[in-house]
1. Would you check which residues across the stretch 63-77 are open to solvent by 10 Å² or more (accessible area, probe 1.4 Å), in contact (Cβ under 8 Å) with a residue 60 or more places away in the chain and not hydrophobic (A, V, I, L, M, F, W, C) and list them?
2. Is it the case that some residue within the stretch 285-302 is under 15 Å from the mean Cα position of the chain (by Cα) and closer than 29 Å to Met151 by Cα?
3. For the stretch 213-268, enumerate the residues that are loosely packed, with under 15 Cβ neighbours inside 10 Å and in a strand (DSSP E or B).
4. Provide a single number: the residues in the stretch 349-389 that are in contact with a strand residue (DSSP E or B) (Cβ under 8 Å, 6 or more places away or on another chain) and in a loop (DSSP other than H, G, I, E, B).
5. Specify the residue that is surrounded by the most Cβ atoms within 10 Å (Cβ to Cβ); the eligible residues are those in the stretch 94-108 that are in contact with a His (Cβ under 9 Å, 6 or more places away or on another chain) and of a type in the set (A, V, I, L, M, F, W, C).
6. Is it the case that some residue within the stretch 351-361 is surrounded by 24 or more Cβ atoms within 10 Å (Cβ to Cβ), of a type outside the set (Val, Ile, Thr) and within 19 Å of the chain's Cα centre (by Cα)?
7. Just to be sure, is Ser436 among the small types (Gly, Ala, Ser), crowded, with 17+ Cβ neighbours inside 10 Å and more than 23 Å from Leu40 (Cβ to Cβ)?
Amino acid sequence: MKPSIILSSLALFAQSLGALEKPNIILVFADDISARELPLYGSSTWSPPAGGDTNDPAYRAHTPVLEQMAEEGCWIETAWAATVCSPSRAMMMTGRYAHLHKWWHNKDVGLAPEPNPKKQKWNLCDSSPIQLGHVAQKAGYATYWAGKTQMPGDLRRYGYDEGCLTPGNLSDTDNPFTDFKHFYKKVDGKRVLFDVDTGKEVDTYQQHGWYWYPHVRLMNAKGKSGFQWWPNTEEAIAEFGLGTYGPDVELDFVFDYMDRQKEAGKPFFIYHCSHLGHDAWDWLNPDSPSKWPGTPVIKWTGKGYERTTPHITGDQGKYETHGTVTEPGIHHHVNYLDYQIWLYQNKIEEMGIADNTVLIFCADNGTSGYGKSSSDRQKGTHVPLIFHAPGLTKRGKQDILVNLSDFLPTIAELTGYQLPADYEINGESLVPFLFSDKTDHRDWIYAYQKSETLIRGRKVMKDGRGKWWDVENTPADLISFPQIKDWKALSPEHRAERKKLTGIIPRFDLHATQHDAPANK
């Protein structure tokens, strides 16, 4: 590239990014939603309420706000996570792959350094001490964590000043405000799971209610150190009940935090890990065959959303929703996320900060019953990703490759934090692509599941099962790529890319040889 062109590109980059001065950043990180669930991605199939595949338009999400956000901002055609929650969140939060943070799968985490007599897993804060929250804090930002945590240990170590948490683990079993939870007890010598609400045995995994009548804990709420259950005031206790919806509670606390930071004159970073998209036990309909409980009823008017206030009565597994709760299905979860993005946009406008706020929508892995925990092609890794910010030089669909590891360096560059030169990260900042005339981002992306590795470039992809696929063209269902069986029948470019990707894999494929933390020296 000629020097004059380089200087022109740098000038455009500086001018575009100059529109943002310590920008507020809101990252909405949804749960278990494949890219195919958003109509934006144009897939010919999506997920019905019981899981699997359908092309029935009755189960198609309706997302006018996300589509407008993608048109006015930009959306990424191929963004990759890991195949399941914990390692994906580790990748997002640390900018690293599992060979460094050792979170290979939800229940496959490397041991902490020796001596380790109790065989404890390596805490993410110890394996990777610089994370999204820390980066924003060090850059002078106020930081807030909302929704699903999925992280063990002291949650105050992850770099967030405050939080409204609807836990994704089962450490908070003593909630006095709701009986939407499960417990184990021994029956005839066997460990059996029961529903606290009904007292009946259930066939599911142990969980708390994070949707209706939710479990909510506040972290460092308004200057109070530590954790406390919510509702935490007489007024909140009086209003709390069956019609209380966890995703609404999260957003109320996020908006309060945003207001307080604007009043304090401080930029903020919101890490909103919504449960929406995640399957769950349906306490309102214990016999439901669906994976996804209904949401509050919302209606798009063409100009905005109208929401019906939930009215739910009953007890012990027998409930009446009086037409205020939707039928089950992941499409309703995606619709409700669209509604919440609309609320975010309205809030940003009302606060007068739209000209200095970055809004990002993403998800952590593929849909349950389709892609979650699957290393088949990119079923488990292909997630939606949409950016909206003033100063963007990209609009609409962007045919680039993005990895969740790219978020840490992107947030660092947006906030002005300089990552230490000797601190290894595996992501690449998206800022130059988003805010300059740079035409591409990176030429390969990587993912992992236990001992399996997945990698793809522009033309070829290797999945976790060791199969290679021709990804030069995107099929109608986003997944039915041609399997490569005869490399000689493909172009030299295909073969060259395979050689390149094969050479990259050994840098990260260390499950067998470096599964645990390095030994202390």
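The values are calculated or read from the model by the stated rules, or taken from the named source; none is laboratory data. Owing to the predicted nature of the structure, the values given are computational and were not obtained by experimental measurement. Note that we place each Cβ from the backbone using ideal geometry, even for glycine, and neighbour counts take in every protein chain shown. With ligands, DNA and RNA removed, areas are computed over all heavy atoms of the protein, side chains included. Shrake-Rupley method; radii C 1.70, N 1.55, O 1.52, S 1.80 Å.
1. Pro64, Glu71, Glu72, Glu77
2. no
3. Listed by number, the list holds a single entry, Gln228.
4. Looking only at that region, the number is 13.
5. Checked the stretch 94-108; the qualifying residue surrounded by the most Cβ atoms within 10 Å (Cβ to Cβ) is Ala98.
6. Looking through the stretch 351-361, at least one residue is surrounded by 24 or more Cβ atoms within 10 Å (Cβ to Cβ), of a type outside the set (Val, Ile, Thr) and within 19 Å of the chain's Cα centre (by Cα).
7. Yes: the conditions hold for Ser436.
For every residue, the table says whether it meets (1) surrounded by 20 or more Cβ atoms within 10 Å (Cβ to Cβ); (2) not in a loop (DSSP other than H, G, I, E, B).
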| position | (1), (2) |
| --- | --- |
| Arg36 | yes, yes |
| Gly52 | no, no |
| Ala61 | yes, no |
| Ala79 | yes, yes |
| Thr83 | yes, no |
| Arg89 | yes, yes |
